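One structure is given here, and the rest of the page talks about it.
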Amino acid sequence: MLEKVQGLSLEDRFNFCFAPCNTRDPNAMYHLLRFASSYAQKLPVNIAMGMPKCSAHSDSELLDLETRHQVLSMYLWLSNHFEEEWFPYIKKAEKMATNIAQLLGESLLKACWKPESRKACKSKLQEEDGYQRPSSLVKLQEKKRHEKSLPKRRLEKVAT
């Protein structure tokens with residue numbers, strides 16, 4: 001992903017590659033790419049992330065808080081590996097990370113919502129959109145073969 005960023009030295013690219021970032025989280029990867037792009041353009045790297053006002057009330061809000069904390073941790077990690085002039089908002093990031101950690105703690109203490117199961121989430125989306133995921137082509141072919149073989153089997157049973 002960082003190969004898109006022009007202007008990074010090998011050492012800089014190495015540091016960005018080893019930054020603690022959840023590669024399965026598109027939001028975290030977006031921030032890593034933004035941090036690297038700003039640094040490559042010789043601009044001070046800005047956090048540019050809003051601060052939530054209250055604790056989480058659902059799984060998705062809890063995941064959002066976790067992602068925000070991970071992004072701030074990544075910013076602080078990068079600030080330790082690059083000069084301070086490129087990551088000047090260390091105090092702001094520390095304060096935001098502390099506040100989000102506090103919100104995460106409150107959210108876990110107050111958690112009274114039922115965890116959303118993956119199947120329930122998928123069925124909700126299908127009901128809302130009227131969209132149903134198509135079956136795999138292999139399964140469709142097997143089903144057709146099975147349906148075609150049923151009449152032959154019935155005829156064979158009747159003949160014997």
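Worth a mention:
- Restricting region 23-84 to GluC sites (Glu not before Pro) in coil, as DSSP defines it, with at most 11 other Cβ within 10 Å: 83, 84
- Shape call, region 1-116: gyration tensor on alpha carbons, a/c limit 1.5: prolate
- To the nearest 10, the accessible area of residue 106 is 60 Å² with a 1.4 Å probe.
- Taking all protein chains together and rolling a 1.4 Å probe, residue 64 ends up with roughly 60 Å² accessible.
- Taking all protein chains together and a 1.4 Å probe, the residues 74, 29, 1 rank 1, 29, 74 from largest to smallest accessible area.
- Isotropic mean projected area of the C-alpha convex hull, region 1-63 (nm²): 5.1 nm²
- Note on residue 23: accessible area is roughly 110 Å² with a 1.4 Å probe, heavy atoms of protein only.
The values are calculated or read from the model by the stated rules, or taken from the named source; none is laboratory data. Values in this document were obtained by computation on a predicted structure and should not be read as measured data. Positions of Cβ are generated from backbone atoms using ideal geometry, with glycine treated the same way; all protein chains shown enter the neighbour counts. Only protein heavy atoms, including side chains, enter the accessible area calculation; ligands, DNA and RNA are left aside. Shrake-Rupley method; radii C 1.70, N 1.55, O 1.52, S 1.80 Å.
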